[in-house]
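Asker: Structure below; questions to follow.
Only the coordinates and a few stated rules stand behind these numbers; no lab work does. As the structure is a prediction and not an experimental result, all values here were calculated from the model. Here the Cβ positions follow ideal geometry from the backbone for every residue, glycine too, while neighbour counts run over all protein chains shown.
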Amino acid sequence: MRKIIKVWCDDVKVGIWDDEWELKLYEDAAILHMPYVKWVNNSGTLATHVAKFQADSKQLQGFLTIAREEIEDGEDYTERIRELIWSY
């Protein structure tokens, strides 16, 4: 089983729902769970999109860099992670 290096999460407003996004960071991948509103006909329901960032992606390298800096600085860089996620 792979070891989780870091987990970041934060609240997010999705339509009428209050939910949370989550990013789990591993050495060779990162998995993002992002809520969204799924519309079918005229009805919206809360759903979750799952995205996987592989070892060769620039996104994963960015997440790993922030995790290292977070440890070195002793700070919480959830805001920086959120900015990266929203920029993709």
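Asker: Got a sec? How would His49, His33 order by Cβ neighbour count within 10 Å, fewest to most? Don't skip to the end; give the middle numbers.
Answerer: Values: His49 11, His33 15.
Lowest count first: His49, His33.
Asker: Provide, as a two-decimal number, the C-alpha radius of gyration of region 28-71 over 2.2 N^0.38 Å, N being how many residues it has.
Answerer: Values: Rg = 15.0 Å, N = 44, 2.2 N^0.38 = 9.3 Å.
Normalised Rg, Cα atoms only: 1.62.
Asker: Shifting gears a bit: Mind checking which aspartates and glutamates have their Cα closer than 18 Å to the Cα of Lys6? Skip sequence neighbours fewer than 8 apart in that chain.
Answerer: Here the aspartates and glutamates satisfying the reach criterion relative to Lys6 are Glu20, Glu22, Glu27, Asp28, Glu69, Glu70, Glu72, Asp73, Glu75, Asp76, Glu79, Glu83.
Asker: Once the mean 1/r over all distinct Cα pairs of region 1-55 is inverted, what Kirkwood radius in angstroms do you read off?
Answerer: 12.4 Å
Asker: Further question: Sorted from fewest to most neighbouring beta carbons within 10 Å, what does the list Ser43, Ser57 look like?
Answerer: Least crowded to most crowded, the residues run Ser43, Ser57.
Asker: Against the longest alpha carbon principal axis of the chain, how many degrees, from 0 to 90 and to the nearest 10, is the axis of helix 78-87 turned?
Answerer: Once rounded, the angle reads 60 degrees.
Asker: Looking at region 1-80, which trypsin sites (Lys or Arg not before Pro) are in a loop (DSSP not H, G, I, E or B) and have at most 14 other Cβ atoms within 10 Å?
Answerer: Answer in residue order: Arg2, Lys3.
Asker: What do you get for GluC sites (Glu not before Pro) in region 1-50 restricted to DSSP loop and a cutoff of at most 12 other Cβ within 10 Å of the site's Cβ?
Answerer: Glu27
Asker: Can you tell me the 0 to 90 degree angle between the C-alpha axis of helix 58-73 and the longest principal axis of the chain, rounded to 10?
Answerer: 60 degrees
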